[in-house]
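Enquirer: Below are the structure tokens for one structure; questions will follow.
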Amino acid sequence: MAAMEPSVNYREQPRGEGGVSAAEPGSPLPPTLLYRHCDPAELPFQSVGELTDPLGPIGQDRAVEAVEFAVAMRRKGYNIYALGAIGTGKHTVIQNLLQRHAESAPTPPDWCYVNNFADPQKPRRLQLPPGRGNGLREGMKQLVEELRVALPAAFERDEYRARLDVVEQQFKQRNEQAFGALQQHAEEKGITMLRTPVGLALAPRRDGKVLTPEMFEGLPEAERTRIQHDLEDVQGELEAVMQKVPQWEREHREAVRELNRETTGAAIALMMNELRAGYHDLPDVAQYLDAVERDVKENADDFLPQPQPPQGLPIPGPADEAISDTRFRRYQVNVIVDNGGQRGAPVVYEDNPTHQTLVGRVEHMARFGALVTDFNLLAPGALHRANGGYLILDAPKLLAGNYGWASLKRALNSGEIRIETLEQLMSVASTVSLSAEPIPLNVKVVLLGPPALYYLLSAHDEEFAELFKIAADFDDRVERSPQTTLLYARLICGVGRREKLRPLDRDAVARVIEQASRLSGDADKLSTSMRAFVDLLQESDQLAADAGKEIIGEAEVQSAIDAQIRRGDRIYRRMQEEIGRKTIRIETDGEQVGQVNGLSVISLGALSFGTPSRITAQVRLGRGEVVDIEREVELGGPLHSKGVLILGGFLGGRFGKTRPLSLNATLVFEQSYGGVEGDSASAAELFALLSALADAPIKQYFAVTGSVDQRGQIQAIGGVNEKIEGFFDACRVAGSTGGHGVIIPASNVKHLMLRRDVVAAATEGRFAIFAIDTVDQGMELLTGVPAGTPDRDGQYPAGTINQRVAARLDALTAKALELTRNASAAEPRQ
């Protein structure tokens, strides 16, 4: 009996959007904004065992609606491409949805291949109701066995032998009458017929004796002439009779065959009628059985004992069996699809979608040193098994498979399954092979793949849009609300029952939900990554088993999370170690002009971690260029280069409206030996540049992340949690005692789901997170100097950051003009 779900009014308090409104400018964010807790006390259950399984997937309403529509749409081309991030549970969701629809759908028919007696190279297909294909196969097998007994007995009966003797006597009598009349006529003319090893011969006779050539030459000339003429006449009659002999022999053989057919027909009539009675409602099967009966009558000798080989030439046992098997293989039935045990429509998943595994293959067997094939060696593919139902395929595997994509499109376009070899498909076959009658195709295909592949196929494959008209877009996250939190708890319950895991108490459920928010990268969202979700539950269950516990608690969930990180953080810990040993130079104390700690994210497999980098800027007299050293040496990606170019736009927009910018600035990630991509360090680069221009030291116990636009607005970036934690760990290994912090975009506050030790340090005042909206706010935090706002004349208050930058730019411009005048004065006049 299913457990009743508690009807408790559970309300999880959502956080605000985050930003400067969450904390006063210049003040650190309160700890409540650094991590969104899920209070176990507010969960309306003690253990997930009290809950029922969810009715469907969480947060995938859009995708489910698309699948439901495609299943109901029974027209050509309404196949499905399910796109979504890896691990979102696309396969499980699709499988469950299709299985539910398949249970109420009609069971598709059986399909068989049988011999085409008119053209064995073109096997015929037979369609039978579900479960009757095997019956036909067994019926034909039993028929052959009975014929091998019944026909020899029929041909041994006295009735058959008597009729055969009549036919033989008729043929013999005709021959004797013809040759007897000829011989009598010859004797009347004095000519006798002699039988020789080479046939019949004619010779003259006198007084009952055959004339020798010498005696013939001794006759009078008139007598010889008469005898010669008579010999020619009789020879002509003999030739006429001999010309009729082959026709008489053919008639004799036909009479024997007709007798054999009548005997065979009488012997098999009852058996064939019994077999036909079971398939009287299937015209194609009845037509096939008629062809079988005709073939048996024509080849009754195959069922009779075969002549023994000459003495001393025995046939090996295997060869004898092979010859016998070959004679009767043409009467077998190859059931390629048996739906006798199927209830509803089939749902098939093919994990290796190639040409042969999709449309079937033509197999071969060795016979007397050669490879041969027949209709019995036609093997079905996934399209055969899924015909009348649903076929699920992985799109990347399909496109990488051996002509799988081309074969699938051909089958869907033509609406039929044609079993053929790759040589036939590519029109390069040089040998005779089977050309089986195609089977009508009625299947709904679902491709599972990443979004990038879907968009690529849509853009470059014209047939794709015609064949896969429905896109089921799976979301990788869902809104975190009291309703979805309870759904997540029910999902934990469902996974636990399916995987036979220990139940989780509500503290463990709360920790899993918090981890789901962390994986989504947003405190107000929950990740729908089923792979990571199930892995965490299974690993927590193992830890509980190791501890001898019957219920999974928060400690086991947290240990499983820590173990996942530990298994993949070797490189991260090595980098942190080198920061602590000063091999990688990161300043975490003091102040420096033109230097700031930027933050970046490195992904290694399933683990992403943040690491600080020193970003430095140098300014000198020049032509208004901001040079990205990373770009110059081709280590910077296009997005990073775009961010640096935006810095020039910001400087020109704020300080270059009334003066030319006569500077040359260089920016670089120090100790960077790999590629740099993304614009999340553009704010830090701008801060370093402004610090160098204003000659204002930057506090090195801060790190900065965020992108910037040309108007000086700070924009959101990704990986904010990993970046903050990376700088926190760097400060710890560097021996810093407190007072450090990270400056982030205000629009990233809602994404914060920091580690517990980071939140604890912030609560104790040893670490701080600051949120900013503008460049000016960031410079004030980093330098402790007001940024300054311009008056009506565009002038900044004295001593502010912006005034010092403007003054430095004016000085550079004045110096550039002075050098230009001096150069002009030094030139000789014409």
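Enquirer: Given a 1.4 Å probe and heavy atoms of the protein chains only, how would you sort Glu550, Glu42, largest accessible area at the top? Provide the component values of the computation, followed by the final result.
Expert: Values: Glu550 135, Glu42 80 Å².
Highest to lowest solvent-accessible surface, that is Glu550, Glu42.
Enquirer: Name the residues whose placed amide hydrogens come within less than 5 Å of the amide hydrogen of Asp394, ignoring near sequence neighbours (fewer than 5 apart) on the same chain.
Expert: Leu448
Enquirer: What angle, in degrees between 0 and 90 and rounded to the nearest 10, separates the Cα long axis of helix 720-733 from the longest principal axis of the Cα atoms of the chain?
Expert: Between helix and principal axis, roughly 60 degrees.
Enquirer: Turning to a different aspect of this structure: Using only the alpha carbons, work out the radius of gyration and Dmax of segment 463-522 in angstrom.
Expert: 16.2, 52
Enquirer: Stretched out fully, how many nm does the piece from Gln710 to Ala118 gain, at 0.36 nm a residue minus the Cα gap?
Expert: Details: separation 592, 0.36 × 592 = 213.12 nm, distance 8.10 nm.
Gain in length upon complete extension: 205.0 nm.
Enquirer: So if I place +1 on the C-beta of Lys and Arg and -1 on the C-beta of Asp and Glu, and nothing else carries charge, what would the dipole magnitude of the chain be about its Cα centre? I want it in debye, nearest 20. Please list the in-between numbers first.
Expert: Values: 92 positive and 114 negative charges, 471 e Å.
Once rounded to the nearest 20, the dipole reads 2260 debye.
Enquirer: Taking the dipole about the Cα centre of segment 678-830, with the C-beta of Lys and Arg at +1 and of Asp and Glu at -1, give me whichever of Ile714, Cys731, Gln795 is farthest to the positive side.
Expert: Cys731
Enquirer: Where does the chain land at 222 nm, in deg cm²/dmol rounded to the nearest 500, when only DSSP H runs of n ≥ 4 count, each adding -39500 (n - 2.57), divided by all residues? Please list the in-between numbers first.
Expert: Numbers: 27 runs with 386 residues, N = 830.
The helix-only estimate for the chain comes to -15000 deg cm²/dmol at 222 nm.
Enquirer: Also, I was wondering about something else. Across segment 450-555, what fraction of all alpha-carbon pairs, as a whole percent, falls in each successive 10 Å bin from zero upward?
Expert: 14, 37, 23, 16, 9, 2
Enquirer: In terms of modelled amide H atoms, which long-range or inter-chain residues lie less than 5 Å from the amide H of Arg477?
Expert: Here the answer is Thr528, since their amide H atoms fall under 5 Å of that of Arg477.
Enquirer: Just to be sure I understand, if you calculate mean projected area of the Cα convex hull in nm² for this structure, which of (i) 34.7; (ii) 36.4; (iii) 72.6 do you get?
Expert: Label (iii) holds the value from this structure.
Enquirer: Based on the Cα atoms of segment 688-746, what semi-axes does the equivalent ellipsoid have, where each is the square root of 5 times one gyration tensor eigenvalue, given in whole Å with the largest first?
Expert: Working: eigenvalues 101, 62, 10 Å².
Semi-axis lengths for segment 688-746 are 22, 18, 7 Å.
Enquirer: Additional query: For the chain, take the longest principal axis of its alpha carbons; what is the angle in degrees between that and the long axis of helix 404-414, to the nearest 10 within 0 to 90?
Expert: 70 degrees
Enquirer: Can you tell me the dipole magnitude for segment 52-117 around its Cα centre, using point charges on the Cβ only (Lys, Arg +1; Asp, Glu -1), in Debye to the nearest 20?
Expert: That gives segment 52-117 a dipole magnitude of about 280 debye.
Enquirer: Explain nothing, just compute: Karplus ³J(HN,Hα) = 6.51 cos²θ - 1.76 cosθ + 1.60, θ = phi - 60°, for every residue of segment 517-532 in order, whole Hz, x for Gly and Pro.
Expert: 5, 4, 5, 6, x, 7, 5, 9, 10, 10, 6, 9, 6, 5, 5, 5
Enquirer: If you plug each phi of segment 767-783 into the Karplus form 6.51 cos²θ - 1.76 cosθ + 1.60 with θ = phi - 60°, what whole-Hz ³J(HN,Hα) values come out, in order, with x for Gly and Pro?
Expert: Couplings: 8, 9, 10, 10, 10, 10, 10, 9, 4, 4, 4, x, 5, 5, 5, 6, 10 Hz.
Enquirer: Can you give me the angle between helix 61-72 and the longest principal axis of the chain, using Cα atoms only, in degrees from 0 to 90, rounded to the nearest 10?
Expert: Here the helix axis deviates by roughly 20 degrees.
Enquirer: Okay, next question. For segment 641-720, build the convex hull from the C-alpha positions and give me its volume per residue in Å³.
Expert: Numbers: hull volume 9.0 nm³, N = 80.
Looking at segment 641-720, the number lands at 113 Å³ per residue.
Enquirer: A further question on this structure: May I ask you to give the average projected area over all directions of the convex hull of the Cα atoms of segment 32-88, in nm² rounded to one decimal? Intermediate values should be presented prior to the final figure.
Expert: Details: hull surface 28.7 nm².
Across all orientations, segment 32-88 yields a mean hull projection of 7.2 nm².
Enquirer: Where the centroid of each part is defined by its Cα atoms, how far is segment 227-275 from segment 126-179 in Å?
Expert: 19 Å
Enquirer: Provide the solvent-accessible area of Asp281, counting protein heavy atoms only and rolling a 1.4 Å probe, rounded to the nearest 10 Å².
Expert: 80 Å²
Enquirer: Gain in length, Ala203 to Glu578, computed as 0.36 nm per residue apart minus the alpha-carbon separation, to one decimal in nm?
Expert: Values: separation 375, 0.36 × 375 = 135.00 nm, distance 12.38 nm.
Gain on extension, Ala203 to Glu578, equals 122.6 nm.
Enquirer: Per residue of segment 347-360, what does 6.51 cos²θ - 1.76 cosθ + 1.60 with θ = phi - 60° give for ³J(HN,Hα)? Whole Hz please, x for Gly and Pro, Karplus curve as stated.
Expert: Rounded to whole hertz, the list is 10, 10, 10, 10, 8, 9, x, 10, 4, 6, 6, 8, 9, x.
Enquirer: Given the C-alpha atoms of segment 654-810, compute the convex hull and give its volume per residue in Å³.
Expert: Working: hull volume 21.0 nm³, N = 157.
Convex hull volume per residue, Cα atoms: 134 Å³.
Enquirer: Further question on the same structure: Which longest run of the chain has no exposed loop site in it, a site being chymotrypsin sites (Phe, Trp or Tyr not before Pro) in a DSSP loop with at most 14 other beta carbons within 10 Å, and the site itself not part of the run?
Expert: 1-367
Enquirer: A further question follows. If you wrap a convex hull around the Cα atoms of segment 472-615, how much volume per residue is inside, in Å³?
Expert: Working: hull volume 23.9 nm³, N = 144.
Hull volume normalised by residue count: 166 Å³.
Enquirer: Excluding residues fewer than 8 places away in the same chain, name every one of the lysines whose C-alpha is closer than 29 Å to that of Lys525.
Expert: Result set, ordered by chain and number: Lys90, Lys500, Lys723, Lys750.
Enquirer: Taking the dipole about the Cα centre of the chain, with the C-beta of Lys and Arg at +1 and of Asp and Glu at -1, give me whichever of Tyr349, Thr32, Val241 is farthest to the positive side.
Expert: Working it through, the farthest residue towards the positive pole turns out to be Thr32.
Enquirer: Roughly how many percent of the accessible protein surface of segment 422-579 is carbon and sulfur, given a 1.4 Å probe and a whole-percent answer?
Expert: Numbers: 3710 of 7430 Å².
Heavy-atom surface of segment 422-579 belonging to carbon and sulfur, 1.4 Å probe: 50 percent.
Enquirer: Using a Förster radius of 22 Å, what is the FRET efficiency between Ala162 and Glu274 based on their Cβ-Cβ separation? Nearest 0.05, please.
Expert: Details: r = 29 Å, r/R0 = 1.30.
E between Ala162 and Glu274, to the nearest 0.05, is 0.15.
Enquirer: Could you provide, to the nearest whole Å², the per residue accessible area of the chain with probe 1.4 Å? Let's see the in-between values first.
Expert: Working: 41500 Å² over 830 residues.
Result: 50 Å² of accessible area for each residue.
Enquirer: In debye to the nearest 20, how big a dipole does segment 260-305 give about its Cα centre with +1 on each Lys and Arg Cβ and -1 on each Asp and Glu Cβ? Each step should come with its number before you reach the end.
Expert: Numbers: 4 positive and 10 negative charges, 22 e Å.
Its charge dipole is roughly 100 debye.
Enquirer: Ignoring everything but the protein chains, give the 1.4 Å probe accessible area of Lys76 in square angstrom, nearest 10.
Expert: Estimated to the nearest 10 Å², Lys76 gives 130 Å².
Enquirer: Quick one: P(r) of segment 92-181 from all Cα-Cα pairs, 5 Å bins, percents rounded to integers, in order of increasing distance.
Expert: 3, 10, 8, 9, 10, 9, 9, 9, 8, 6, 4, 3, 3, 3, 2, 1, 1, 1, 0
Enquirer: Can you give me the P(r) profile for segment 524-571? Cα pairs, bins 5 angstrom wide beginning at 0, each as a whole percent.
Expert: Answer for segment 524-571: a P(r) of 5, 21, 25, 22, 17, 8, 2, 0 percent.
The values are calculated or read from the model by the stated rules, or taken from the named source; none is laboratory data. Note that the structure is a prediction, hence the values are computed from the model and not measured. All Cβ positions, even for glycine, are placed from backbone atoms using ideal geometry, and neighbour counts span all protein chains on display. Accessible surface areas use protein heavy atoms only, side chains included; no ligands, DNA or RNA. Shrake-Rupley method; radii C 1.70, N 1.55, O 1.52, S 1.80 Å.
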